[in-house]
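> One structure is given below, represented as structure tokens, and several questions about it will come after.
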């Protein structure tokens, strides 16, 4: 199956340049909720928007519900090898919205999913890496910014919530693999000097305490936010580890 995705690879290429990344998690009292992961590459459009017009590239405003897409393509997917079928399974809960407009110079990608338990949340970088892999004609995986926290590259990202304590935990368990990713990223680090990674965690009850000294709590005490330099995040992903204690 060739070129399954039309929109995703375009955005993945664009996001090799300066972007703003935002991770939002909305947690209900019962532990269910929604995760949204946004990439804003509008800065690139300020640079390349006119060139895109010259090349007559069409504007994009499209939503892919992967559960529906996979159901539609189930016969074709069933003929793929097990590794690729597993990749499709990993992105099935996701919804992808892409928007590119050369006139307004806007370029955004939004991935979201619903969950019954925060432990279900897929690392969105790994999900985007899966989409990149599925789109490759060769099936070979290339290192890019989305592989930095991929479990295949020496780290893992987990979320837990028990009603009173929320945790975001990145573990680098293979220093050699993780170092290789960092080495590969050096060739494109110049594009990420101004990129930021922001996390926002929204709760149904007030926050009592946060472990990360860079965290900010909203006026209603129900949202915790952290802004971080993206390159610093890739180099030290454990810096965004977080514990949030909530009222009983």
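> Highest mean first, how do 19-30, 173-184 rank when packing is the count of other Cβ atoms within 10 Å averaged over residues? Don't skip to the answer; put the middle values down first.
Numbers: 19-30: 18.2, 173-184: 13.9.
Descending mean neighbour count gives 19-30, 173-184.
> Assuming R0 = 22 Å, can you tell me the calculated FRET efficiency for the pair residue 238 and residue 176, based on Cβ-Cβ distance, to the nearest 0.05? Let's see the in-between values first.
Values: r = 17 Å, r/R0 = 0.75.
E(calc), rounded to 0.05, equals 0.85.
> Still on this structure: Quote to one decimal, in nm, the extra length available between residue 165 and residue 194 on full extension: 0.36 nm per residue of separation minus the C-alpha distance between them. Numbers along the way, then the final one.
Working: separation 29, 0.36 × 29 = 10.44 nm, distance 3.24 nm.
Extra length available between residue 165 and residue 194 comes to 7.2 nm.
> How high is the FRET efficiency between residue 65 and residue 89 when r is their beta carbon distance and R₀ equals 22 Å, given to the nearest 0.05? Before the final figure, lay out each step's value.
Numbers: r = 15 Å, r/R0 = 0.69.
Calculated transfer efficiency: 0.90.
> A further question on this structure: Give the calculated FRET efficiency between residue 75 and residue 116 to the nearest 0.05, with a Förster radius of 35 Å applied to their Cβ-Cβ distance. Let's see the in-between values first.
Values: r = 29 Å, r/R0 = 0.83.
Taking R0 as 35 Å, the efficiency between residue 75 and residue 116 is 0.75.
> If each residue of separation counts as 0.36 nm, what is the full-extension length gain between residue 104 and residue 211 once their alpha-carbon separation is subtracted? Don't jump to the answer; show the numbers that get you there.
Values: separation 107, 0.36 × 107 = 38.52 nm, distance 3.97 nm.
Contour length minus the Cα-Cα distance gives 34.6 nm.
Each reported figure results from applying straightforward, stated rules to the coordinates on display, with no laboratory input. All figures in this text were calculated on a predicted structure; none of them were measured in a lab. When we count neighbours, we look across all protein chains shown, and the Cβ atoms used for this are built from the backbone with ideal geometry, even at glycine.
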